[in-house]
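Here is the structure we will look at, set down as structure tokens.
The values are calculated or read from the model by the stated rules, or taken from the named source; none is laboratory data. Given the structure is predicted, the values throughout are model-derived calculations rather than measurements. Every residue, glycine among them, receives a Cβ derived from its backbone with ideal geometry; neighbour counts consider all protein chains shown. Accessible surface areas use protein heavy atoms only, side chains included; no ligands, DNA or RNA. Shrake-Rupley method; radii C 1.70, N 1.55, O 1.52, S 1.80 Å.
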Amino acid sequence: MSEGLVQGPDGRLRCWWGASTPEYAAYHDEEWGRPVRDDHGLYERLCLEAFQSGLSWLTILRKREGFRAAFAGFEPAAVAAFGDDDVARLMADASIVRNRAKIDAAIANARIVAAMQRDGDSLAELLWSFAPGGRPAPRTTADVPAVTPESTAMAKELKRRGFRFVGPTTAYALMQACGLVNDHLDGCLAR
């Protein structure tokens, strides 16, 4: 068995983090690393990755439905229209992470995505342009990077366009979450 694989309660092998809680198992098995190619889904994950910064991903997974309700289902055009009253509402909403800078970033980023869409551009096209070619499956946790040249370039381009909370590490986590890279370990059931 590869270093970093664990056996889940169902007897199947998963990446080291994918069997520790039911929420992680479901996210690992059903979502993480699967390609997301629509602006709506990518905007949601961009927001969630930003909110996760400095926190446990489990916290975000457990609050995900609260985030969806609070942020109009992560519809970029709807969030782009948020104003001061919405920010006050969000800052009072215990079902999400109440961090003013992250809330402001989610709204600012929605405005950029909505403007891109009005101009005939696509967040999906932009993000997927940074997907690296095929890479071998990582064999151990040591083979899974936190930052890559592609994520650094993605973060630089997103920042150039005005996106917030999109450093190279967050960009790489987004790439992993949305299937731009497949970092499930060799031997993992989701590989």
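What the table shows:
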item: Nearest-10 value in Å² for the accessible area of residue 68, using the 1.4 Å probe; result: 70 Å²
item: Folded to 0 to 90 degrees: helix 100-118 orientation relative to the chain principal axis, Cα; result: 80 degrees
item: Contour excess over end-to-end distance, with Cα ends at residue 58 and residue 30 and 0.36 nm allotted per residue; result: 8.5 nm
item: Percentage relative contact order, region 71-191, counting C-alpha pairs under 8 Å, at least six apart; result: 23 percent
item: Cα pair distances of region 116-191 binned at 10 Å [whole percent]; result: 19, 48, 24, 8, 1
item: Between helix 168-177 and the chain: long-axis angle, C-alpha atoms, 0 to 90°, nearest 10; result: 70 degrees
item: Share of carbon and sulfur in the accessible heavy-atom surface of the chain [1.4 Å probe, %]; result: 51 percent
item: Shape of region 22-163, Cα gyration tensor, a/c cut at 1.5; result: oblate
item: Distance in nm between pseudo-label sites at residue 147 and residue 88 (7 Å out along the Cβ direction from Cα); result: 4.0 nm
item: Helix 57-70 vs. the chain, principal-axis angle (Cα, 0 to 90°, nearest 10); result: 30 degrees
item: Helix-only mean residue ellipticity at 222 nm for the chain, each DSSP H run of n ≥ 4 adding -39500 (n - 2.57), per residue, nearest 500; result: -15500 deg cm²/dmol
